[in-house]
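Report on the structure given below.
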Amino acid sequence: MLFSDEDNRLLIVEDAFLLKGFLLGNGQALISALDEVVEQSPFRYMVTPGGYGMSVAMTNCGPWGWVTDHKGYRYQKSDPVTNKPWPEMPTIFIELARKAAEMAGFYHFSPDACLINRYSVGAKLSLHQDKDEMDFSQPIVSFSLGLPATFDFGGLTREAPKTALLLEHGDVVVWGGESRLNYHGVRSIKAGCHPVLGEFRINITFRRCQ
Ligand code: MD6
Ligand code: FE
């Protein structure tokens, strides 16, 4: 049997999966590890190359961190706020990201970048492609914690039809292969209060960027 009754894998489009509730049971451990990262490299609001302030606060851990400023989008080894290397990627992050990638059929995932997004009520992420990486052969693994969000998953053009997914605390999205460059975005977070994270949604996204 390929999938058991308890299999919570949902195929979104080819090579893109939603692993419903995958992180449940590890939520507390993930949040403790996250707190340590944020103590070293705090959340900050970055600015797009076009000069717009983002509504999502961000930080990173691991060898490479994604940043944006008036010069553009890029990955860099040091945190521009602390001028130090980004904090180490917690073991529990790497282990769960690898397991999630395997559940979606992507083996030997070895992320070298981990972007952490913090959404407060009203924050959103406009439709975009993840294309600042040098390596598109490895998938992207994305953890959701805290308040729910509506995630639009589209195709290779901005206009392609989209699937709206509800991402809740504990959910993981994995995509790669044919869907690695698909457009996607997060709609404005609705008011609410999560029992663990209060008025925030946290998204932790793992990539191979070099
Ligand atoms: C978010 N995520 O879920 C934003 N990108 O908050 C992303 O933009 C994203 O979840 C690539 C792959 C997975 C993602
Ligand atoms: Fe993205």
*For D7, state whether it is out of contact with any Phe, Trp or Tyr (no Cβ under 9 Å at 6 or more places or on another chain), without any contact (Cβ under 8 Å) to a residue 12 or more places away in the chain and farther than 19 Å from I204 by Cα.*
yes
*Is it the case that segment 88-95 has a residue that's open to solvent by 40 Å² or more (accessible area, probe 1.4 Å), within 22 Å of H169 (Cα to Cα) and acidic (D, E)?*
yes
*Please state which one of H108, H70 is open to solvent by 40 Å² or more (accessible area, probe 1.4 Å), closer than 25 Å to G177 by Cα and without any contact (Cβ under 8 Å) to a residue 40 or more places away in the chain.*
H108
*Out of all the residues in segment 126-138, is one or more open to solvent by 40 Å² or more (accessible area, probe 1.4 Å), hydroxyl-bearing (S, T, Y) and within 11 Å of ligand 1 (Cβ to nearest atom)?*
yes
*Could you list, in sequence order, the residues of segment 160-179 that are more than 9 Å from ligand 1 (Cβ to nearest atom), of a type in the set (A, V, I, L, M) and under 10 Å from A149 (Cβ atoms)?*
L165, L166
*Among A29, A16, A57, A33, which is the only one that is open to solvent by less than 20 Å² (accessible area, probe 1.4 Å) and over 23 Å from L165 (Cβ atoms)?*
A33
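Table: residues versus (1) under 18 Å from Y73 (Cα atoms); (2) free of Cβ contacts under 8 Å to residues at least 12 places away in the same chain; (3) not aliphatic (A, V, I, L, M).
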| site | (1), (2), (3) |
| --- | --- |
| A113 | yes, no, no |
| D135 | yes, no, yes |
| Q138 | no, no, yes |
| V141 | no, no, no |
| L145 | no, no, no |
| A149 | no, no, no |
| D152 | no, no, yes |
| G155 | no, no, yes |
| E168 | no, no, yes |
_Looking only at residues that are surrounded by fewer than 22 Cβ atoms within 10 Å (Cβ to Cβ) and aromatic (F, W, Y) in segment 180-210, which one is nearest to ligand 1 (Cβ to nearest atom)?_
Y183
*Any chance V81 is open to solvent by 60 Å² or more (accessible area, probe 1.4 Å) and either in a strand (DSSP E or B) or not charged (D, E, K, R) (or both)*: yes
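The values are calculated or read from the model by the stated rules, or taken from the named source; none is laboratory data. Quantities reported herein were computed from a predicted structural model and do not represent experimental measurements. For neighbour counting, all protein chains shown are included, and Cβ atoms are generated from backbone atoms with ideal geometry for every residue, glycine included. Ligands, DNA and RNA are excluded from the accessible area calculation, which covers all protein heavy atoms including side chains. Shrake-Rupley method; radii C 1.70, N 1.55, O 1.52, S 1.80 Å.
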